[in-house]
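Here's the structure we're looking at; comments come further down.
Any read-out appearing in this document is the output of simple, stated calculations on the displayed coordinates, not a laboratory observation. Nothing here was measured: the structure is a model prediction, and the numbers come from that model. With ideal geometry, Cβ positions are generated from the backbone for all residues, glycine too; neighbour counts draw on all protein chains shown.
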Amino acid sequence: MEVGHCQKSAPTPTPLPPDKRLGYAVVGLGHLALEEVLPALSNCKKSRLVALVSGSPEKMKKVALQYGISSENCYTYQTFDQLKNNASVNIIYIILPNGLHKEYVIKGAKAGKHILCEKPMANTVEECREMIAACKQAQVKLMVAYRIQFQPHNRKLREYIQQKTFGIPKYIEACNAQSTANVNHWRHNKALAGGGALPDIGLYCLNTTRFILDMEPTEVFAYQYSTPGNPLFKEVEELVSWQMRFPSGIIANCATDYDVHESRRYRVNCQKGWMNLDKAYAYKGQKLTTARAEGTLELQQEVEIAENNQFGAEMDHFSDCILNNRRPFTPGEEGLQDHIIMEAIYLSAKLGKPVQIPPADAAKWRGPEPKIS
Ligand code: NDP
């Protein structure tokens, strides 16, 4: 095993002065908001927290104190529409259960604010289309928070594919699985979650594969399973396993499950080697290993890359797009495409046969590549 040299040091940080950073209103103070997004905002270079929206007054009071947000910048779902009168709010970040994304994205757009929406974008293709149309009509930008597209190890692996460092990719194996235990959580409620493991965590395999290949699948074939009698899976599915066929002949074999020990990894098998990313979809701890055939030998390398804060990177990217009037790298259409593919996956599992995906080209909706420091 050969250990790769460290990357060059990152460029000198150049944060905007605080009063020039764009103001975020964070909607929904759940796990993701409290544990990841709010702390990340404190360290952003172009973004800052200016308002909170919550249905839990006691919790919001505590969080507001912690982050120095005054009571006039705290809203409930009932007073959400008043965000339109708050000039310090440039961006509304929707971190609610999936089934509520559409309603609040559309309300936010009508309030004249740019919108960052958590993944999955919504519950259905139809909802995604309505959200895109509402933002277009209100002339505000819409971005879906696909943090992996702002994560350095995943971006490096994509660069290796673009440069054919290990030859042409042929076959991808991807898995994102975890165990869930709380039967009362919204993730097990079809109306609030849209589906089970697939839109929640399987989506990472789907979106990241499309991202690293820079290609759209033409066909999917899927199986779905839920353990009979398990109350967790009364409304939403436990396991989905699916294949995606890409135009160049590449096949991606993906799986997701809500009732197995955590496993978040993928491997890209190429003509002259492979790239393996462990903890690929995690918040941190990614481990990129590559192997290259050299005659009869195989050279394995651990690629050391500095980690970043994926949430900070995606929020600063969105702020940058607004400051420079550019399309985001992951706009609403990126979320829509995943929903089109997920609906095809469910249909394939139901019919027991492959389902075609309409032709699409992400270059048509993506903005310029983000600069990740
Ligand atoms: P949580 O259940 O922890 O938080 C959701 C919050 O939404 C609640 O705390 C609550 O906040 C608010 N809420 C409003 N209405 C409801 C309702 N009817 N039922 C439940 N909660 C409600 O979820 P997460 O933070 O884990 O997930 C939120 C979103 O973020 C989802 O879309 C999820 O897919 C996405 N996510 C993305 C991740 C990523 O890495 N990008 C990781 C985890 C989640 P309040 O009390 O303040 O009103």
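For this structure, a couple of remarks:
- Euclidean distance of C-alpha centroids, region 152-192 and region 287-347, integer Å: 9
- Exposed GluC sites (Glu not before Pro) absent - longest run of the chain, DSSP non-H/G/I/E/B, at most 14 other C-beta within 10 Å: 1-303
- Nonlocal amide H pairs with residue 185, under 5 Å, H built at 1.01 Å: none
- For region 84-100, Karplus couplings with θ = phi - 60° (6.51, -1.76, 1.60), whole Hz, Gly/Pro x: 4, 8, 9, 5, 6, 8, 9, 10, 10, 9, 8, 10, 9, x, 3, x, 9
- GNM result for the chain, Cα springs below 10 Å: residue of 154, 325, 189 fluctuating most strongly: 325
- Unit Cα scatterers, Debye sum, the chain: log10 I(q)/I(0) for q = 0.08 Å⁻¹: -0.41
- In this structure, the residue pairs whose Cα-Cα separation is over 32 Å, taken from 102/371; 61/279; 62/113; 141/170, are 61/279; 141/170.
- For region 29-45, 3J(HN,Hα) per residue [Karplus equation, 6.51 cos²θ - 1.76 cosθ + 1.60, θ = phi - 60°, Hz, x = Gly/Pro]: 9, x, 4, 5, 4, 6, 8, 10, 6, 5, x, 5, 4, 5, 10, 6, 9
- Value of relative contact order over the chain, rounded to a whole percent, pairs C-alpha under 8 Å and six or more apart: 19
- FRET efficiency, 1/(1 + (r/R0)^6) with R0 45 Å, evaluated for residue 164 and residue 35 via beta carbons: 0.70
- Residues listed by number, region 127-166, amide nitrogen under 19 Å from residue 306 label point at 7 Å toward C-beta: 150-157
- Per-residue HN-Hα couplings for region 188-201 [Karplus 6.51, -1.76, 1.60; θ = phi - 60°; Hz; x = Gly/Pro]: 9, 10, 4, 5, 8, 9, x, x, x, 4, 4, x, 7, 10
- Over 20 Å between alpha carbons, listed pairs 84/110; 45/110; 156/287; 119/190; 107/136: 45/110
- Exposed trypsin sites (Lys or Arg not before Pro) absent - longest run of the chain, DSSP non-H/G/I/E/B, at most 15 other C-beta within 10 Å: 9-163
- Distant-in-sequence amide contacts of residue 196, defined by a placed amide H-H separation under 5 Å and a gap of 5 or more residues or a different chain, comprise 237.
- A Förster radius of 41 Å, combined with the Cβ-Cβ distance separating residue 186 from residue 297, puts the computed FRET efficiency at roughly 0.20.
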